[in-house]
Amino acid sequence: MSDIAAFIRGLPKIELHLHIEGSLEPELRFALAQRNRTQLAYADVAELRASYRFNDLTSFLVSYYEGMEVLVTADDFYDLAWAYLRRANDENVRYVEMFFDPQAHTSRGVAFGRIVGGLRRAIVDARQQLGVRAELIMCFLRDYPAEYAMATLVQSLPYREWIVGVGLDSDERDNPPTKFAEVFARARSEGYQITMHCDVDQNNTVEHIRQCLDVIGVDRIDHGVNVLESEELTMEVGRRGLGLTTCPISNRWVTGDLKAAEIKRLLEFGLRVTVNSDDPAYFGAYVTDNLVALQEAADLGPAELVQLERNAIEISWLPSRAKDELITEIERYADMR
Ligand code: ADE
Ligand code: ZN
């Protein structure tokens, strides 16, 4: 391992763009299928992995939604999150804000309370047993009607204490942020933080970023590297101090390009850009792999890598004392090197 890769491995890390359902590894998928007595359409793990042949967002989402059919009981959601959090701990991830997609489960008849109950139990155990912190961000599926998102928002209110913010994901084509303006206004009034996917190189991505700023008033943007196509929007993101949660290896799967040069440019502009894994079980890369790939492609040094983690802490939705603790931890690590 190179010195810089070892530096990345040991660096205390933050993950702000992680779909917990996208961390479902084939081995766990087979185990859950067996527990729930369902038959998978693949003979074994190798055949399942070989089926991952997506080359854009739409084809990825087909595999992603198919995968989560094995998630049925609260224990299934617990096992999913616990497996991810253990793995994150092994990579020295210190804090995670993880997305979950309740509608991908409630639409299959799984009760909301089972989903959030199982995930929350894993988060509590990870804090106690591993010392890793995590919070939940509830995403609405943008290819479903706004009314379903609103009903899901209402369903979440009894669990408000366990959910730090709301997001918007799934297929971006013809599903602009404005479709959900009322839902996000209500979410804001309920005290949720707000983020939204503006996926890389989609139709109208730049217009979607503009709507995030002008109509929705987001607290941060997921992906968002296309902001560079508009000098005005780039300046505005900088002026508001908004974060961008980029995912280099996910970008390579869905666009053929890590977007390393763009991510480096965002960093040089002083925007609060961060590096994340998105759907690590499907893209075959957790957060360390994403940082290593970006470092190699963009020739980043230790100071820039530390800056990426500082950015993540600053734009996270942690209370300020917890942010200060994490910054101290990272500074101590950087000083020791
Ligand atoms: N859901 C899970 N991963 C996603 C991504 N990268 N973009 C949009 N929706 C998603
Ligand atoms: Zn994502």
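Here are the numbers for the structure shown:
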{"item": "Only listed residue being at pLDDT 95 or above, farther than 26 Å from Glu66 by Cβ, of a type outside the set (Phe, Trp, Tyr) and in a strand (DSSP E or B), chosen from Leu244, Leu300", "result": "Leu244"}
{"item": "Wholly enclosed helices (runs of 4 or more DSSP H) of the stretch 3-72 bearing at least 3 residues modelled with pLDDT of 95 or more and of a type in the set (Gly, Ala, Ser)", "result": "3-10"}
{"item": "Residue within the stretch 254-264 that is in contact with a Cys (Cβ under 8 Å, 6 or more places away or on another chain) and crowded, with 23+ Cβ neighbours inside 10 Å present", "result": "no"}
{"item": "Among the candidates Asp174, Asp201, residue that is on the phi > 0 side of the Ramachandran plot, under 19 Å from the mean Cα position of the chain (by Cα) and modelled with pLDDT of 95 or more", "result": "Asp201"}
{"item": "Unmet criterion (only one of (1) within 16 Å of ligand 2 (Cβ to nearest atom); (2) free of Cβ contacts under 8 Å to residues at least 12 places away in the same chain) for Arg37", "result": "(1)"}
{"item": "Some residue of the stretch 123-142 being of a type in the set (A, V, I, L, M, F, W, C), in a helix (DSSP H, G or I) and more than 21 Å from the chain's Cα centre (by Cα)", "result": "no"}
{"item": "Residues within the stretch 207-254 that are more than 14 Å from ligand 2 (Cβ to nearest atom) and polar (S, T, N, Q), tallied", "result": "4"}
{"item": "Only one of Asp79, Asp90 that is of a type in the set (D, E, K, R) and surrounded by fewer than 16 Cβ atoms within 10 Å (Cβ to Cβ)", "result": "Asp90"}
{"item": "Subset of the stretch 312-337 (residues that are within 16 Å of Glu97 (Cβ to Cβ), part of a helix (DSSP H, G or I) and touching a residue at least 60 places away in the same chain (Cβ under 8 Å))", "result": "Ala312, Ile313, Glu314, Ile315, Ala322, Leu326"}
{"item": "Val287 surrounded by 24 or more Cβ atoms within 10 Å (Cβ to Cβ) and within 21 Å of Asn92 (Cβ to Cβ)", "result": "yes"}
{"item": "Single unsatisfied condition, Asp199 versus (1) surrounded by 15 or more Cβ atoms within 10 Å (Cβ to Cβ); (2) more than 16 Å from ligand 2 (Cβ to nearest atom); (3) charged (D, E, K, R)", "result": "(2)"}
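Okay, residues lined up against (1) in contact (Cβ under 8 Å) with a residue 40 or more places away in the chain; (2) surrounded by fewer than 16 Cβ atoms within 10 Å (Cβ to Cβ); (3) β-branched (Val, Ile, Thr):
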position: Phe7; (1), (2), (3): yes, no, no
position: Gly10; (1), (2), (3): yes, yes, no
position: His19; (1), (2), (3): yes, no, no
position: Ser23; (1), (2), (3): yes, no, no
position: Leu48; (1), (2), (3): no, no, no
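The values are calculated or read from the model by the stated rules, or taken from the named source; none is laboratory data. None of these values were measured; they are calculated from a predicted model. No Cβ is skipped: glycine too gets one built from the backbone with ideal geometry, and neighbour counts run over all protein chains shown.
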